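Worksheet: one structure, shown below.
The values are calculated or read from the model by the stated rules, or taken from the named source; none is laboratory data. In this text the structure is predicted, and so the values were computed from the model without any measurement. Note that we place each Cβ from the backbone using ideal geometry, even for glycine, and neighbour counts take in every protein chain shown.
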Amino acid sequence: MSGALLRTILLLTASNVFMTYAWYGHLRNQSDKPWVVAALVSWGIALFEYLLQVPANRAGFTVLTLPQLKMLQEAIALTVFVPFALFYMKQPVKLDFLWAGLCIMGAMYFMFRGSAAG
């Protein structure tokens, strides 16, 4: 695995932690506040997402095609979202998480087959 690909994966993972919390964290800990407060707090958190996501995409685009980069981001997003939903948001475990994961894995297969990414 190339350094650029590893850097992309690590930065996208960190970016998705911020993104997931910015998008959904307010549902748990700011539900009693006006939506505009939640939006402003989420924008502040999302700044850190973008500070990681932009360099991740720049590094990734040196070794991946744009569709591969997008599919990698989606796989990472699901990998971050499921534990967040289960452990932080206390959502019940559902078999649908497995089916969604398998669909993403299938998409990854088709996007990356025959290429020597990284």
Name the single residue, out of those in the stretch 58-74 being within 16 Å of Ala14 (Cα to Cα) and either in contact with a Cys (Cβ under 6 Å, 6 or more places away or on another chain) or surrounded by fewer than 18 Cβ atoms within 10 Å (Cβ to Cβ) (or both), that is modelled with the highest pLDDT.
Arg58
Could you grab the pairs with beta carbons closer than 7 Å, sequence gap of 6+ or different chains, first residue in the stretch 58-85 and in contact (Cβ under 8 Å) with a residue 12 or more places away in the chain, second one among the basic types (Lys, Arg)?
Ala59/Arg7
Of the residues in the stretch 79-101, those that are over 16 Å from Glu49 (Cβ atoms) and part of a helix (DSSP H, G or I) number 13
Of all residues in the stretch 75-109, which are loosely packed, with under 11 Cβ neighbours inside 10 Å and farther than 18 Å from Ala14 by Cβ?
Lys90, Pro92, Val93, Leu95, Asp96, Trp99, Leu102, Gly106, Tyr109
